Amino acid sequence: MTLEEKVKDIIVKVTKVKPEEVKNEAHLVRDLGVDSFATVELVAAFEAEFDIEIPPEDAERVDTVGKAVDYIRKKVEEKNN
């Protein structure tokens, strides 16, 4: 499973939306209904899955699925270098 697939899978599990709704351009709040509680769950799941730390100010700026994928990819690459 690719990093992008893992991120989308986590979003599906936390938000309970249909997998086909989790597109890169989907807005987490507007399109997928992510509220503050789900945001905390998502951040915790991403941190656990990818062994990274996501500061609260970064979590606030990541507002689409695509941005989440890009952000997590960057954090994983930084950790591995």
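The values are calculated or read from the model by the stated rules, or taken from the named source; none is laboratory data. On a predicted model such as this, the values are computed, not experimentally measured, just so you know. Here Cβ is always computed from backbone atoms with ideal geometry, including for glycine, and neighbour counts include all displayed protein chains. For the accessible areas, the whole protein counts, side chains as well, though only heavy atoms, and no ligand, DNA or RNA atoms are used. Shrake-Rupley method; radii C 1.70, N 1.55, O 1.52, S 1.80 Å.
Brief remarks follow.
- For the chain, calculated [θ]222 nm from helices alone, where every DSSP H run of n ≥ 4 adds -39500 (n - 2.57): -19500 deg cm²/dmol
- Counted charge near ASP51, where neighbours are those whose Cβ lies closer than 13 Å (Asp, Glu -1; Lys, Arg +1): -2
- Of [x] 0.99; [y] 1.78; [z] 1.28, the label for Cα Rg over 2.2 N^0.38 Å derived from the coordinates: [x]
- Dipole magnitude (debye, nearest 20) for segment 3-80, charges at Cβ of Lys, Arg, Asp, Glu: 200
- Share of carbon and sulfur in the accessible area of the chain stands at 51%, probe radius 1.4 Å.
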